[in-house]
Structure formats: C-alpha cells, structure tokens
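The values are calculated or read from the model by the stated rules, or taken from the named source; none is laboratory data. Bear in mind that the values here come from a model prediction, so they are computed numbers and not experimental data. Cβ placement follows ideal geometry from the backbone for every residue including glycine, while neighbour counts extend to all protein chains displayed.
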Amino acid sequence: MALSGIEIFKLLPKTNCKKCGHPTCLAFAMKLAQRQESVDLCPDISEDSRRILGDAAAPPVRPTALGFGSGAVKMGEETVLFRHEKKFVNPCALAVEVKDTLPEDEALRIVNDVLTSGIDRIGQRLEIDAIVVTNASDDPAVFEGLVRAVAAKAPDIPLILSTGDPAAAEAALKIVADKKPLLYGADDSNAELMAKLAVAYDVVLGVRAKGPEALSALTEKIRALGVEDMVIDPGPAGAAEILRDNTLIRRAAVKKNFKPLGYPVITFAQRDDQMLETLIASLCIAKYSSIVVLSGAERWRNLALFTLRQNIYTDPQAPMQVEQKIYNIGEPSEDAPLIVTTNFSLTYFIVSGEVENSRVASRIAIMDCEGMSVLTAWAAGKFTAPRIARFIEESGVGDNLKNRELIIPGYVAILSGALEEKLPGWKITVGPREANALPAFLKTLNR
Ligand code: SF4
C-alpha cells in the first residue's frame, strides 16, 4: 500500500540535515510520497526504514520490458485505476499473431503488414509493436522454423513465443533469446519447466490460468522458482469477463498492493468477426491490458486502435504540444502569408493540414501557450496582444517578409487593434474562426 507523506516522515531520521537536497525531512517525505525522489538520497536512514520505503515506492504493477535495445516495449509501472487520477504510464502494446500452421509465405506477408503498419499522428509514430509466433502445429521443428524466418524478416521487432511445450520453447529460445522475447505459455501443467527456461534464458514469462484466483496462486509458485518478470493472462472468454478480470487484477495491484497480481496483463483478442475483435481490443486498451494480441494488421483497424491508444495514454495534466517556432508550409516566398496560432498539437496539425490543402505556401508562427488551444490560451492570458507581439518580434520572421502582415485566428479578432499598437508597421488581418475555412481564405489573399 502506498504510504502517505506523514507515514513516510515517521520513518525518516528527522534531523533536517539537508543532505538529501531538501530543507527538512518533512519536505523530503512529501516528495517521496509523490514518487518524485528516491529514498537513496537520504544517507542516514535506517536499513529497516529503507526496506519499508523501497517496497512502498515500487510501482504496484511491476515494470517489465518486451524486446531489446531502443525497440523494447515498456510495460507495467501503472499506479492508478483511472486516467484522470494521474496518468497511465506505458501504452498498451499491440501484437499480431502468426501461427506455424500457416504457409511460410502467408506468415511472412502478415509480418510484412506489421513492419509497414506505422503512421505518424500528432507528432508521434504509431505502429504494431510486436509479433506473436504461435506453435499451433504442436511440432517443435515447425515452430523453430517459423521463429527463425520471422526473426530474419523482422530482426528488430519484439517477439512473443507462444507455446506450452517446453521443448518447442527451448528450440525457439536458442535462436532468439538475445532479442529478449516474451515466452508465453506457462500454466499449471508445465510451470516448473517453463520457469526453468525463463531463468536460464533470462526472459519474461507469460503465465496463464483460468481466472485471477488461480493465476495468483500460479504466479506465487513461479516466483518461488526464481522468475521475477511475468506477464499474466487470466484467460477470459468474452468482453464481460475481460472487463471483470482486468479490473479485478488492476484493483488488487493498485489498491491492495497485491503482488501476485502486480504484473502486466496480456489478452488474446482474436475473433472470427473482425469488427468484434476490434471492439474487444478497444476494451482491452481502455481497461488495463498491457499487450493485446490481434489476428492481423489491417490498416482500418490499426488506425482505430492507434488513435484510441494514443488518446488514452496521453497525460491529461500535460496537453500535447509542439515546439514554438516558425513553420514553413511549402516554400514560402517573401510575399507568403504569415499565420499565428498556439502550440496545442491538435491546433498545429489541423491548421498546417488545411494550409497544405490550400497549396498556398505559407508560414505558421506557432507560439508557446503551454499546449492550450486558441480560446483557452486567450482566456488564460497566454495568447494576448503583448505576448504575440513579443513572440513575432523575437522570432525575426518580419525580416523575411516584403509586406509585414500577420493573420490572427478569427476567434481572437478582438486582439487586432491592440496588436496593431504593439506591432507598429504591421498589418493585422483577422483570419477565419475555423481552420477548415483557411484554404478558401488563403486563396482570396491577393499577392
Ligand atoms: Fe532528513 Fe535524511 Fe534529508 Fe537529512 S537527508 S533532511 S535526515 S531526509
């Protein structure tokens, strides 16, 4: 259970020696309670207190990684049930399954779909994160062959090796253990052998059991066998069971600090009906799965799931924003229009998209307003005439223009008079209220 600042304070030496960089022990305790400092900064704390605070500071869902190097996918570290309480930490990984019963060219076509699944949206790269290779043939040699082929085709993508057969698992691990795959398929029948492999090859172990209760007993057993890093699968059948089991697991981990269920959850969402599969995957993204396995990488579904995931895993307390600077759209000449707006990501991408659609080469002056949209920034005093004038002057953009004209958003037309006073020599033009009117507006400018 997370400790309060006062409970932490009681465990500190209370000498206010400042060696931790904070003026008092109480100030340091408050930082520890917010998980903003490490207990190691206090050199005088007793070993007992250090152990208690270390346990309390550990995230309730164990941090785990899938894959290796810069392409590794982080999982776990979640601390809340609801995004508005703080934020969700590590976006749910999307994985696509290839079965070793498929003809190899068909399996590699799916792998290629995964490799080409990436899109850029609001400044982020979104893509399928991992490939699950499933031993559906029950033949270790066939499984090994497909693992080898997938690893050769996609050497950098994280792999999940799905098999309940320790012999097949070991054959595959011998090929790709250096890529730190997830070995999925430990259950009550093979726990000892699979745990032995996970320890020997130093990989994360995927553990499955029917329901959270059986699962917690199994993770305890496997932990006693020396496996620290696990991903768990309560094997739910339908949407209602997924919601029930995933909520129960997250609640037990976060609210009760119940370690046997404090692991990232993997959910297999594949269904014969693709729309149903997409809806199930959406539920898993929203409700606590750390890995969702899909049957394919169809673009229409990727777009829906990527967008949902991106929206859920942004920090609600930190609006998405782009860098303050002058952005060129096309190759603007000294006659090109200059548009000013705020640095809220969505504002930037919508405005720049509409300017691109207009095919009128332009400059967009994006001003740092802490990621607020135009009206919010204006109401908060961040997008005011003096601040806009200072930004435009300091940017030096006027040096590139023949006629100094600044187009402001229609929603802040009220600023035009004050801006003309603050920017002598500039003409202030009020643009449209909505970005979708920009193409027609830009075409009416007579240049
Ligand atoms: Fe207190 Fe430790 Fe910080 Fe000193 S170093 S002020 S004892 S918390």
Provide a single number: the residues in segment 221-241 that are assigned to a helix (DSSP H, G or I) and farther than 18 Å from G76 by Cα. 6
Of the conditions (1) of a type in the set (A, V, I, L, M, F, W, C); (2) farther than 19 Å from Q321 by Cα; (3) not in a helix (DSSP H, G or I), I364 clears all except one; give me its number. (2)
Does D55 meet the test of being on the phi < 0 side of the Ramachandran plot and within 16 Å of the ligand (Cβ to nearest atom)? no
State whether the residues of segment 282-292 include one that is assigned to a strand (DSSP E or B), in contact with a Cys (Cβ under 8 Å, 6 or more places away or on another chain) and not aromatic (F, W, Y). yes
Of I222, I242, the only residue that is over 20 Å from A281 (Cα atoms), in contact with a strand residue (DSSP E or B) (Cβ under 9 Å, 6 or more places away or on another chain) and of a type outside the set (F, W, Y) is I222
Kindly provide the set of residues from segment 133-174 that are touching an Asp or Glu at 6+ places or on another chain (Cβ under 9 Å) and among the hydrophobic types (A, V, I, L, M, F, W, C), ordered by number. V133, A136, V142, F143, L146, V147, A149, I157, I160, A168, A171, A172
Checked segment 348-400 for anything within 27 Å of the chain's Cα centre (by Cα) and among the small types (G, A, S); matches are S352, G353, G371, S373, A377
Matching residues in segment 1-43 (touching a residue at least 24 places away in the same chain (Cβ under 8 Å), near the ligand (Cβ under 8 Å from one of its atoms) and either exposed (fewer than 12 other Cβ atoms within 10 Å of the Cβ) or within 23 Å of F258 (Cα to Cα) (or both)) number 2
Would you mention how many residues in segment 151-201 are buried (at least 16 other Cβ atoms within 10 Å of the Cβ), in a helix (DSSP H, G or I) and under 25 Å from the mean Cα position of the chain (by Cα)? 2
When both residues are 6+ apart or on different chains and their Cβ atoms are under 9 Å apart, which pairs have a first residue that lies in segment 340-357 and is at positive phi, and a second that is assigned to a helix (DSSP H, G or I) and at pLDDT below 90? none
